[in-house]
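Colleague: Please read through the structure below; I'll follow up with questions.
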Amino acid sequence: ARDEEQRQAYEDLMDESFHEDENAPLSTEAKFYQLNAQYTKYLCTAKPEKAHDAMTTAIELLDREDPEKKRYLTKYISALNNLYVIQKELGLPDKALETLRKLRNVPVASLTHKAEHFMRSYILELDLHISTANFSTAIKDIGVIEQDYQNFKKYIDKSSRLAFFYNFSYLYFGAGRFDRALIWNNLLLNDHDLSIREDIHCFGRILNLIIHYEIGNDDLLEYAVKSTYRFLYKRKRLFKVEGVILDFLKRYPNWVDRQQILSGFSDLHRKLLVFKNDDFEKYAFEYFDFISWLESKIEKEEFEVVKKRNMNT
């Protein structure tokens with residue numbers, strides 16, 4: 001939810017959906033969908049603790065009703081994925097790692113399920129490396145994951161594939177491998193179907209701008225900023241965070257004095273700090289750590305170093 005009106009829309013939708021008799025018998029599948037809907041509502045309305053409780057209950061339900069993980073395998077994998085997401089948001093890395101290991105141990109048989117299992121578990125692993133700023137360590141073994149992706153890609157759903165592209169790009173960016181980051185991000189940008197994972201499409205374009213900035217492609221950057229602004233504005237996806245960053249980048253190509261650029265970074269950093277704890281704006285920082293990136297520019301340090309330091313403060 002981007003504002004109070006959207007948050008209220010989620011609340012109203014859920015209120016309308018659960019007017020039935022709460023004591024009526026429900027199938028296991030129906031109970032799961034009810035809990036999954038509650039998880040989604042709480043996730044989208046900035047109530048992570050309640051989202052965690054809902055998904056934990058959903059997993060307990062499937063563990064109890066399908067201990068061999070045959071009937072509800074896909075739902076179980078999805079539920080573990082959702083639990084990881086909320087554990088990471090709540091700052092529970094040990095619990096998130098435990099969930100990731102549990103996901104890896106789920107028995108799979110068919111090729112389609114193996115592909116889905118591969119994508120979900122590795123997307124989470126890449127995400128965990130990103131959230132803990134272990135960029136350099138992660139890319140040492142990334143070749144194996146890239147090869148497995150090539151083997152499974154035709155069986156992988158588009159949502160997972162786009163998340164995979166974005167996480168790969170972010171990892172390479174964090175390790176300072178901007179050439180590889182651009183290759184993976186271009187795979188995301190070249191997908192023109194915006195009906196799935198619009199959030200990743202939006203932040204993929206923001207990351208694209210930052211990669212071009214790091215490489216020094218000023219001519220491309222000026223065009224890309226205008227294109228990205230139009231893209232975000234048309235879809236009404238513009239966080240205040242994104243708007244502030246785009247305004248800065250629109251000015252950058254006209255700046256030639258290095259001190260003026262550093263001053264601009266400091267001004268942008270100050271503006272973004274205001275949004276860090278905002279209920280609606282804070283989620284922009286889940287996609288990319290803008291604060292650490294700016295501090296790395298201001299302090300002339302590696303992004304990975306600054307991000308790790310900020311995790312401990």
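The values are calculated or read from the model by the stated rules, or taken from the named source; none is laboratory data. Source: prediction; values computed, not measured. Please note: Cβ atoms are built from the backbone with ideal geometry, for glycine as well, and neighbour counts cover all protein chains shown. Please note that ligands, DNA and RNA were not included when accessible areas were found on the heavy atoms of the full protein model with its side chains. Shrake-Rupley method; radii C 1.70, N 1.55, O 1.52, S 1.80 Å.
Colleague: Residues in the range 246-273 that are open to solvent by 80 Å² or more (accessible area, probe 1.4 Å), at pLDDT below 90 and either of a type outside the set (S, T, N, Q) or within 18 Å of the chain's Cα centre (by Cα) (or both): how many?
Modeller: 4
Colleague: May I pose another question? Report every pair of residues separated by at least 6 positions or lying on different chains whose Cβ atoms are under 9 Å apart, first residue within the range 275-298 and more than 21 Å from D3 (Cβ to Cβ) and assigned to a helix (DSSP H, G or I), second β-branched (V, I, T) and open to solvent by 10 Å² or more (accessible area, probe 1.4 Å).
Modeller: As it stands, the answer is S296/V305; K297/I261, since those pairs meet every condition given.
Colleague: I've got another one for you. Mind listing just one residue for me: the one in the range 213-243 that is open to solvent by less than 20 Å² (accessible area, probe 1.4 Å) and either of a type outside the set (V, I, T) or not in a helix (DSSP H, G or I) (or both) and, of those, modelled with the highest pLDDT?
Modeller: My answer is A224.
Colleague: Hey, among the residues in the range 183-205 that are at pLDDT below 90 and assigned to a loop (DSSP other than H, G, I, E, B), which one's least open to solvent (accessible area, probe 1.4 Å)?
Modeller: D191
Colleague: Identify, by number, the condition in (1) over 17 Å from I77 (Cβ atoms); (2) without any contact (Cβ under 8 Å) to a residue 24 or more places away in the chain; (3) open to solvent by 50 Å² or more (accessible area, probe 1.4 Å); (4) not hydrophobic (A, V, I, L, M, F, W, C) that K102 doesn't meet.
Modeller: Here K102 meets the rest and fails (1).
Conditions (1) touching a Ser or Thr at 6+ places or on another chain (Cβ under 7 Å); (2) surrounded by 14 or more Cβ atoms within 10 Å (Cβ to Cβ), marked per residue:
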site	(1), (2)
F118	no, yes
I123	yes, yes
D127	no, yes
T132	no, yes
S136	no, yes
I139	no, yes
I142	no, yes
Q147	no, no
N151	no, no
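Colleague: Any residue that is more than 21 Å from Y287 (Cα to Cα), assigned to a helix (DSSP H, G or I) and out of contact with any helix residue (DSSP H, G or I) (no Cβ under 6 Å at 6 or more places or on another chain) - is there at least one of those in the range 153-175?
Modeller: yes
Colleague: Determine whether the range 168-182 contains at least one residue that is open to solvent by less than 30 Å² (accessible area, probe 1.4 Å), at pLDDT below 90 and closer than 24 Å to N81 by Cα.
Modeller: no
Colleague: Go through the residues of the range 150-160 one by one and say whether even a single one is more than 29 Å from Y72 (Cβ to Cβ) and in contact (Cβ under 8 Å) with a residue 40 or more places away in the chain.
Modeller: No, there is no match, as no residue in the range 150-160 is more than 29 Å from Y72 (Cβ to Cβ) and in contact (Cβ under 8 Å) with a residue 40 or more places away in the chain.
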